Amino acid sequence: MAEDEERIIVVPLKGIRKVPRTKRAPYAIKLLKQHVARHMKVDIEDVWIDYVLNEHIWSRGIEKPPTKLKVKALKWEDGRLDVMLPDED
């Protein structure tokens, strides 16, 4: 299985401010999936978030996730989309 497409995407998560404090990190995950699925033209069910990226979003707790993320998206031939933090060189 070879990768089809790779992109670096900056995802704005300012929409998390409109939900209650105790639901912000799960909503940030939802916004991330929606944004990346829309820009990479896949279904939201096919988006897979790497555990390191998930830990980064939850690192400051449920109430204060980051407001902006830079992610790397890999789209595979079978339609699956892997989302992870970009490699910092």
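A short reminder: the numbers here are calculations on the coordinates, not readings from a lab. Everything numeric in this text was worked out from a predicted model, so none of it was measured. Don't worry about glycine lacking a Cβ; one is built from the backbone with ideal geometry, like all the others, and counts go over all protein chains shown.
Toward the positive end of the charge dipole of the chain, with +1 on the Cβ of Lys and Arg and -1 on the Cβ of Asp and Glu, the farthest Cα among V52, V11, L74 is that of V11. Computed from backbone phi with θ = phi - 60° and the Karplus coefficients 6.51, -1.76 and 1.60, the 3J(HN,Hα) list for the stretch 12-27 is x, 10, 5, x, 5, 6, 8, 10, x, 4, 7, 10, 6, 5, x, 5 Hz; x is used for glycine and proline.
Tell me, what is the Rg over Rh of the chain, with Rh the Kirkwood radius over Cα pairs?
Taking Rh as the inverse mean 1/r over Cα pairs, Rg/Rh reads 0.98.
For V11, the residues whose amide H sits under 5 Å from its own are L69, K70, V71, ignoring neighbours fewer than 5 places away on the same chain, with H placed 1.01 Å from N. Under the criterion of Cα pairs below 8 Å and six or more residues apart, the relative contact order for the stretch 3-83 equals 48 percent.
Each residue of the stretch 56-67 is assigned a 3J(HN,Hα), and the resulting list reads 5, 5, 8, 4, 9, x, 6, 8, 9, x, x, 8 Hz, derived from the Karplus form 6.51 cos²θ - 1.76 cosθ + 1.60 (θ = phi - 60°), x at Gly and Pro. Full extension of the segment from I9 to R38, taken as 0.36 nm per residue of separation minus the current Cα-Cα distance, would add 9.3 nm.
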